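**Student:** To start, I am sharing the structure in question, which I have written as structure tokens.
The values are calculated or read from the model by the stated rules, or taken from the named source; none is laboratory data. The structure displayed is predicted, hence computed values, not measured ones. Here the Cβ positions follow ideal geometry from the backbone for every residue, glycine too, while neighbour counts run over all protein chains shown. Note: areas computed on protein heavy atoms with side chains; ligands, DNA, RNA excluded. Shrake-Rupley method; radii C 1.70, N 1.55, O 1.52, S 1.80 Å.
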Amino acid sequence: MSDNTVTPTVAGSAATSPTKPLGEVIQIDQALVQKHLGEVVRTTVQDTLNALLDAEADRLCGAKRYEHNPDRVDTRAGHYERQLHIKAGEVTLQVPKLRSLPFETAIIERYRRRETSVEEALLEMYYAGVSMRRVEDITEALWGTRVSPSTVSELNQKVAGQIEAWRNQPIAGQHAYVFLDGIWLKRSWGGEVRNVSVLVAIGVNQDGYREVLGVTEGTKEDKASWQNFLRHLKDRGLQGVKLFIGDKCLGLVESLGEFYPEAAYQRCAVHFYRNVWSLVPSTKVRPVAAMLKAIHASEDRAAARAKVLQVVAKLHEMKLSAAATLVQDHIEETFSYYAFPSEHQRSLRTNNPLERIMREIRRRTRVVGAFPDGNSALLLVSARLRHIAGKTWGAKRYMDMSRLRDLPTTTADESQTA
């Protein structure tokens, strides 16, 4: 056979025609796959949570179900069902019931905290003027289920009632240290935007844990507003206060003397620094700041007073007589913390523990702009405070109060002049 022989081909074969795509031989229903995966996740989460609940019940009883064990302290009494919304859908928790012991579980506690954050988000959206359709979309993202407009409205009313109940609940125990501050927000009034103040108090209880003690609306940060706020705290049971910490707001010190005459007052050192800096040229703020901080770095009140004399003399040399007069006449108001245990003094010197919370509140309320009224501003601030108090902020011990109990009893007058 000759080398030039042409091999015959079949018409339409791959040898003579360009390759054509076969197309999608297998088509996948993406929605069906996602639904199946979601169901798998939902079922897995449900089984896992119920297994954890059973394990916690066994731990509380001291024995497994139906197990004969001399260490058993309780027995099962059935269970009740509770629905929990997750991203993959709704799961059914079978919460065990015990015959004598209360069944407390971290799973339900986590659900409660998350519910609080969702409630807060609903309030924030509602008062920010978010459309109801958008609220439905967001609640679906948060809960995995779409919430109707009527449900959102009812939930807002329910949450408002819960927040009011929380805000007015009795104050239990004693609180040696109380931090006071106010925040200015905007509200609409007759077509105009006006200021509204919200006053906040946090305290350290006898066990060393921080608590949100009160939050109220104030017309202004003036004497009448502080009087109403302190009356609100006193009527709800605030007692055992040895030291109030705050800025020298208008009427605050006089109101403290009226409602808590035995308590001392600590003027926030940082706010005092800012008052002094307002009387100092910008080019001299840094050296003046260093001198003021050196005063409060002193080991005791006597050393701090000696340092004040040096700083006042230095300010006069720098031709800063107004600043020198302010330091000489009012810095004693920032020395009250020296009468308390040295381990507590760093936390008592300034209002920073409350200032950090106020910054968080400002961050969350800034997106709202102007509130429709003062009550809506109060509700949102209260919702945020309740959320903060329910997290690790309120669950972590802040101070060892045994140091204060070991300290000799000191009256308010002695702590101011010692």
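**Student:** Restricting attention to the stretch 40-57, which residues are within 17 Å of residue 104 (Cα to Cα) and open to solvent by 40 Å² or more (accessible area, probe 1.4 Å)?
**Tutor:** Of everything in the stretch 40-57, those that are within 17 Å of residue 104 (Cα to Cα) and open to solvent by 40 Å² or more (accessible area, probe 1.4 Å) turn out to be 51, 52, 54, 55.
**Student:** Further, regarding this structure: Only one of (1) surrounded by 20 or more Cβ atoms within 10 Å (Cβ to Cβ); (2) touching a Cys at 6+ places or on another chain (Cβ under 9 Å); (3) modelled with pLDDT under 80; (4) not hydroxyl-bearing (Ser, Thr, Tyr) is not met by residue 222, so which one is it?
**Tutor:** Unmet for residue 222, out of (1) surrounded by 20 or more Cβ atoms within 10 Å (Cβ to Cβ); (2) touching a Cys at 6+ places or on another chain (Cβ under 9 Å); (3) modelled with pLDDT under 80; (4) not hydroxyl-bearing (Ser, Thr, Tyr): (1).
**Student:** Here is a check on your reading of the model: is residue 250 part of a loop (DSSP other than H, G, I, E, B), at pLDDT below 95 and of a type in the set (A, V, I, L, M)?
**Tutor:** So residue 250 passes the test.
Listed here are the residues, each with its yes/no results for (1) within 22 Å of residue 230 (Cα to Cα); (2) open to solvent by 40 Å² or more (accessible area, probe 1.4 Å); (3) touching a residue at least 24 places away in the same chain (Cβ under 8 Å).
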site	(1), (2), (3)
253	yes, yes, no
261	yes, yes, yes
269	no, no, yes
278	no, yes, no
316	no, yes, no
320	no, no, yes
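**Student:** Within the stretch 367-407, work out how many residues are closer than 24 Å to residue 161 by Cα and either assigned to a loop (DSSP other than H, G, I, E, B) or among the acidic types (Asp, Glu) (or both).
**Tutor:** Going through the stretch 367-407 one residue at a time, the tally reaches 7.
**Student:** Sort through 314, 307, 319 and tell me the only one that's on the phi > 0 side of the Ramachandran plot and of a type in the set (Lys, Arg).
**Tutor:** On inspection, the qualifying residue turns out to be 319.
**Student:** While we're on this one: Could you please let me know if residue 238 is open to solvent by 20 Å² or more (accessible area, probe 1.4 Å) and part of a loop (DSSP other than H, G, I, E, B)?
**Tutor:** no
**Student:** Taking residue 245 as meeting all but one of (1) assigned to a strand (DSSP E or B); (2) more than 26 Å from residue 328 (Cβ to Cβ); (3) open to solvent by less than 40 Å² (accessible area, probe 1.4 Å), write down the number of the exception.
**Tutor:** The single condition residue 245 does not satisfy is (2).
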